[in-house]
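Since the structure comes first, as structure tokens, the remarks are kept for the end.
The values are calculated or read from the model by the stated rules, or taken from the named source; none is laboratory data. Predicted, not measured: the structure shown is a model, and the values here were computed from it. For neighbour counting, all protein chains shown are included, and Cβ atoms are generated from backbone atoms with ideal geometry for every residue, glycine included.
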Amino acid sequence: MIQRRALLGAVASLALGSSCKLDSSGMDASAHFQMAVASNWSYDPAWNDGLAEKCVYEATRTIYGKERRYLATAYTNKERVDPRTTCKTDDPKGLEVFKHHWSEIVPTENYAYRFSTMSYYDVLGGRPNKLTVSTQEDCGASFKECWRSGNQFLWSDSVYFPGGGRREGRLDGVFTFADSLSIALRRLPADLGREELELFVVPPQKDTHQASWTLQRWRVRGRGRSTQELPIGSVDADGYDVFDAHGALVETYWFAADEKAPILRAMVRYEGPNGVTYRLKSIERTAYWKH
């Protein structure tokens, strides 16, 4: 079993291997294996420059049975949020988080599909705080949101498809968002090896239809370091396979081995369901909101 790592005091509440079972209620602290994570990149001074990391990917997604090619952009920056409103604040006492936002416009023959997926994760410890997912296409728009409220999470969704409508509920326990593993798994140690890391996830919500909010038990297994040939060039990266509760491979992530600026262990490649792939084309630090 992977040993505890005391690295800058950053820990994530995750369970490791089948011998350490994760209690999804989150009430029994003894049921959790506190694993220190490889998070040097998250404390790099570059995050204090007032800019955002902008990663552009050559991407694919299957819609209407056809592979669609497009550019996907992921923005990551450090900011403070008000725990009461769960929104950005100028208060220096606000909670320090990473905001991680995916912006995707996928063309089809008739119109484009638009996906906006935003999450907040604590800088210290990597705890999730909020997820918002909006999908728009010419037939309508759907919206899903999940946010921390005290010791629990509240969620709501609004889906325009027949049989959809509005719903709301709550979630308890220790979990992460499947839609933002591109930031959550970025913290994993490079030497995870073939050990399996067990975690609970909120199922993917990046869908124009209703999706389940029932927590799922997934596992992550390291696949080692390799050199990835990408649009940006050759990049040494650490790979991680993600499996569902039945042991089926769900998706694979590759994160840059380099933890220093400008790449800061960013996700460089991804392969997952629905023909979705991402391959890093460029990375920069920019004030993208300024003209």
*Does F143 fit the bill of being assigned to a strand (DSSP E or B), over 17 Å from the mean Cα position of the chain (by Cα) and among the aromatic types (F, W, Y)?*
yes
_Selection from segment 256-285 of residues that are over 16 Å from R225 (Cα atoms), part of a strand (DSSP E or B) and out of contact with any helix residue (DSSP H, G or I) (no Cβ under 7 Å at 6 or more places or on another chain)_ = E271, T277, Y278, R279, L280, K281, S282, I283, E284
*Please work out which residue is farthest from K281 (Cα to Cα), limiting yourself to segment 232-255 and to residues that are of a type in the set (D, E, K, R) and in a strand (DSSP E or B).*
D241
*asked:* Against the condition under 23 Å from K281 (Cβ atoms), over 22 Å from the mean Cα position of the chain (by Cα) and touching a residue at least 60 places away in the same chain (Cβ under 8 Å), how does E67 come out, does it pass?
replied: yes
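This table checks each residue for (1) of a type in the set (A, V, I, L, M, F, W, C); (2) in contact (Cβ under 8 Å) with a residue 60 or more places away in the chain.
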{"residue": "T62", "(1), (2)": "no, yes"}
{"residue": "L71", "(1), (2)": "yes, yes"}
{"residue": "R80", "(1), (2)": "no, no"}
{"residue": "R84", "(1), (2)": "no, no"}
{"residue": "K93", "(1), (2)": "no, no"}
{"residue": "N110", "(1), (2)": "no, no"}
*Filtering segment 258-291 down to residues that are among the small types (G, A, S) and buried (at least 17 other Cβ atoms within 10 Å of the Cβ), which residue is farthest from T76 (Cα to Cα)?*
G272
*Options T86, T117; residue that is more than 13 Å from the chain's Cα centre (by Cα) and of a type in the set (S, T, N, Q)*: T86
*Looking at (1) closer than 28 Å to W155 by Cβ; (2) in contact with an Asp or Glu (Cβ under 8 Å, 6 or more places away or on another chain); (3) surrounded by fewer than 15 Cβ atoms within 10 Å (Cβ to Cβ), can you tell me which one S212 breaks?*
(2)
*Conditions (1) touching a residue at least 24 places away in the same chain (Cβ under 8 Å); (2) assigned to a loop (DSSP other than H, G, I, E, B): number failed by P162*: (1)
*Could you check, for segment 84-103, whether at least one of its residues is polar (S, T, N, Q) and exposed (fewer than 15 other Cβ atoms within 10 Å of the Cβ)?*
yes
*Which one of R167, R114 is over 29 Å from T277 (Cβ atoms), free of Cβ contacts under 8 Å to residues at least 60 places away in the same chain and in a strand (DSSP E or B)?*
R167
*Applying the selection to segment 160-169, what residues are over 22 Å from the mean Cα position of the chain (by Cα) and either surrounded by 12 or more Cβ atoms within 10 Å (Cβ to Cβ) or under 14 Å from V202 (Cβ atoms) (or both)?*
Y160, F161, G164, R167
*Could you tell me which numbered condition W218 fails, if it satisfies all but one of (1) over 23 Å from G125 (Cα atoms); (2) assigned to a strand (DSSP E or B); (3) touching a residue at least 24 places away in the same chain (Cβ under 8 Å)?*
(1)
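Rundown of residues vs (1) out of contact with any helix residue (DSSP H, G or I) (no Cβ under 9 Å at 6 or more places or on another chain); (2) at pLDDT below 95, yes/no style:
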| position | (1), (2) |
| --- | --- |
| L188 | yes, yes |
| V201 | no, no |
| T208 | yes, yes |
| W213 | yes, no |
| W218 | no, no |
| P231 | yes, no |
_Unique residue being on the phi > 0 side of the Ramachandran plot, of a type outside the set (V, I, T), modelled with pLDDT under 95 and under 18 Å from the mean Cα position of the chain (by Cα) when the list is G125, G150_ = G125
*What do you reckon, is E58 over 24 Å from L124 (Cβ atoms), touching a Pro at 6+ places or on another chain (Cβ under 7 Å) and part of a strand (DSSP E or B)?*
yes
